[in-house]
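Enquirer: What follows is a structure written as structure tokens; I'll ask about it next.
Read-outs: derived from the displayed coordinates by stated rules, not from any lab. The model shown is predicted, which means the values in this text are computed figures rather than measured ones.
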């Protein structure tokens, strides 16, 4: 048995463990599946493995609760930036991911919350109607890439229902459909008044989540492109709100929201 250090943090209820890449040692997937388990582990949506490289740069590898590796997480990246601000005093940090470099800037601290603005790259929005096994009719939506894949659906139905299903049920079907060989995150979006959207997230490799940074960006990008909403939006998820600014379709999108350090400790792991 060997003790492994960890930090637990959340961004709008989207929670992550932060661990050193050196502790992964080729067992990233089993660590994620074991430690992220809600009842028998620490509990989290995923693990961010932080690699402090010899040249002074940082790189993140994200493993979802089911053990699969993802390109990046906007909220997970923000949690790591908050931890580096808290532990090392870093107010600006560039974090490499498999979805590209994300630069994070500390805006302010309010008690336990660290408000971070992150550059999220240039989203690509592609309207696409799809047909999914077990779902009647054509689903109108958009494929959106913000460093990882998303499929965004607009709905005005109560409870974010669509095509006669709950968003959780439909999201589960779309997320693993063969149309998406590597799986996809799925968002259900309602456009509100006064520069606001509300949405729900079915996250690839995790399931329904309280929030998602990249899901926020994908939802906002689709709303700005296809529903001509303002280029500065408040995005409301179950876990809280985030602010999105995207000046035009060729600019980097900026995402701002809170992150909070929950605890740090050591876990015994014999895997």
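Enquirer: Who wins for biggest fluctuation among 53, 231, 78 in a Gaussian network model of the chain, springs between alpha carbons below 10 Å?
Expert: The residue with the greatest mean-square fluctuation here is 53.
Enquirer: So, one more: Would you look at the GNM of the chain, springs on alpha carbons closer than 10 Å, and say which of 73, 119, 22 moves the most?
Expert: Fluctuation is largest for 22.
Enquirer: How far is helix 213-226 tilted off the main Cα axis of the chain, in degrees rounded to 10, range 0 to 90?
Expert: The helix 213-226 is inclined about 20 degrees to the chain.
Enquirer: Compute the relative contact order of the range 124-251 as a whole-number percentage, counting only Cα pairs closer than 8 Å that sit 6 or more residues apart in sequence.
Expert: The normalised contact order for the range 124-251 reaches 19 percent.
Enquirer: For the chain, with a Gaussian network of springs between Cα atoms less than 10 Å apart, report the residue from 156, 55, 177 with the top mean-square fluctuation.
Expert: In the Gaussian network model the winner is 55.
Enquirer: Using the alpha-carbon atoms, what tilt in degrees (0 to 90, nearest 10) does helix 74-88 show relative to the longest principal axis of the chain?
Expert: So the helix axis and the longest Cα principal axis differ by about 30 degrees.
Enquirer: OK, next. Go ahead and estimate [θ] at 222 nm for the chain from helices alone: -39,500 (n - 2.57) per DSSP H run with n ≥ 4, summed, over the residue count, rounded to 500.
Expert: Rounded to the nearest 500, it is -5000 deg cm²/dmol.
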